[in-house]
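Here you go, one structure.
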Amino acid sequence: MFKNTELLRRELRSAYTYIVVPKAMLNAPVEVEKMELTNGGHGTLNQLSAELGSAFTPVPAIDERFMKFRWLLATNINAEQNMIDFLLEQDLVNMCADGMGIDYEALNGNEFGVFDALSVKSVKKLVETEEIE
């Protein structure tokens, strides 16, 4: 159980940022204060999804290698950059780093992206949901 389940549930109702990550990241422990478990340690995004149900449901994005989810970033000016820095520290590569859009042909599966509610609509979905396990 997460320490801040109700806080997370409330914040996710107002989330307007979408994060695309490799599917494997859903099982990696996330060291975010809000993700602390009641018995110590840090939880994973899959654990959070299991606990929050429909309030937090990662869904397929781009192809079978990627998932996206909504997340509320703090309203301070550095929140998005802090998230990008955190994901870079996880040895991921920013798929939007060049500012020219996503080169879908060059993706190798270790990229991430941080999108607002409008720009996430331009992220292509290259496979059908049923094909993703």
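Lysine pairs, Cα distance under 23 Å, 8 or more residues apart or cross-chain: how many in the chain?
Pairs that pass both the separation and distance tests number 10.
How far apart, in nanometres, would the label points at Asn82 and Glu64 be if each is projected 7 angstrom from Cα along the Cα-to-Cβ direction?
So the label points at Asn82 and Glu64 sit 3.7 nm apart.
Taking the simple approach of a point 7 Å from Cα along Cα-to-Cβ for both Arg10 and Ser119, what is their distance in nm?
If labels sit at Arg10 and Ser119, their model points lie 2.9 nm apart.
What distance in nm separates the two pseudo spin-label positions at Glu36 and Asp91, each 7 Å out from Cα along the beta-carbon direction?
2.8 nm
Let me ask another. Can you give me the Rg/Rh ratio for the chain, using Cα atoms for both radii and the Kirkwood formula for Rh?
Working: Rg = 14.5 Å, Rh = 15.4 Å.
Rounded to two decimals, Rg/Rh equals 0.94.
Indicate, rounded to the nearest 5 percent, the antiparallel portion of the DSSP beta bridges found entirely in the chain. Can you show the working numbers first?
Numbers: 16 of 19 bridges.
Antiparallel bridges make up about 85 percent of those DSSP assigns within the chain.
Have a look at Trp71, Val114, Thr5 and report the one farthest towards the positive end of the charge dipole of the chain, computed about the Cα centre with Cβ charges (Lys/Arg +1, Asp/Glu -1).
With unit charges placed on the Cβ atoms, the residue in question is Thr5.
Read-outs: derived from the displayed coordinates by stated rules, not from any lab. The shown structure was predicted, so the numbers you read here are calculated from the model rather than taken from an experiment. Don't worry about glycine lacking a Cβ; one is built from the backbone with ideal geometry, like all the others, and counts go over all protein chains shown.
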